[in-house]
1. Which count do you get for residues in segment 139-177 that are closer than 22 Å to Asp105 by Cβ and either of a type in the set (Val, Ile, Thr) or at pLDDT 90 or above (or both)?
2. Within segment 22-45, is even one residue exposed (fewer than 13 other Cβ atoms within 10 Å of the Cβ), in the same structural domain as Asp85 (by TED's automatic domain parsing), out of contact with any helix residue (DSSP H, G or I) (no Cβ under 9 Å at 6 or more places or on another chain) and touching a residue at least 24 places away in the same chain (Cβ under 8 Å)?
3. Going by the conditions given, is Lys124 basic (Lys, Arg), in the same structural domain as Asp29 (by TED's automatic domain parsing) and out of contact with any Ser or Thr (no Cβ under 6 Å at 6 or more places or on another chain)?
4. I'd like the residue in segment 54-83 that is part of a helix (DSSP H, G or I) and among the β-branched types (Val, Ile, Thr) and, out of all such residues, is farthest from Asp29 (Cα to Cα).
Amino acid sequence: MTSRAAATRYARALFDVALREGSLEKAQDDLQQFADLVSRHDVLSHTFANPAIPAAKKRGVVKALLDRAGGITPVVGKLILLLADRDRLVLLPEVALAYRARLLDHQKVIRGDVTTAIPIAADKVRALEQGLGQATGRRVVLEPRVDPAIIGGVITRIGSTVYDGSVTTQLQKMKEALTESAQ
């Protein structure tokens, strides 16, 4: 089984339990914070990824971190300890990503990005989100990006769908049309 598949299975199990307990968002926050803590500290990351270090020692480190952190949802704490017991702590970032994707899907939220040549105003991003939300029947959350190479216009990506209204693309289409008519 690939690490992505394993991470997805752990995330699904966590989601199911958190759903029953009514702590979906809290579980997301706790899981992401712990994953961020590990990724920010190279020593922790290397320790958890090192197969030469026994799983029992890793579990001890995780237990100490969880005790010190306090306030972590019990189901998240159990999952992290389970990952330590099975020497699968390297999956933590992927589990956090898979859990977040599952939570957003449950909440009927689609994430995407909007690229413009210059920074776009927040009210225009909200207007785009509302329009795309009406078109998709889901809540859309867009991440604004700036890429001067598109010259002007907007490129919006939602999942695998791309709405490209950039000047660069329009110029490319005109070039192709002129090239074809010249032949």
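1. The qualifying residues number 10.
2. no
3. Details: basic (Lys, Arg): yes; in the same structural domain as Asp29 (by TED's automatic domain parsing): no; out of contact with any Ser or Thr (no Cβ under 6 Å at 6 or more places or on another chain): yes.
No; evaluated as a whole, the condition is false for this residue.
4. In the first step, residues of segment 54-83 are kept if they are part of a helix (DSSP H, G or I); the result is 55-69, 74-83.
With the extra rule that they be among the β-branched types (Val, Ile, Thr), the set shrinks to 61-62, 75-76, 80.
Numbers: Val61: 21, Val62: 17, Val75: 12, Val76: 10, Ile80: 14 Å.
Out of the qualifying residues, it is Val61.
The values are calculated or read from the model by the stated rules, or taken from the named source; none is laboratory data. Because the structure is a prediction, the values reported are computed rather than measured. Every residue, glycine as well, gets a Cβ built from its backbone with ideal geometry; the counts of neighbours run over all protein chains shown.
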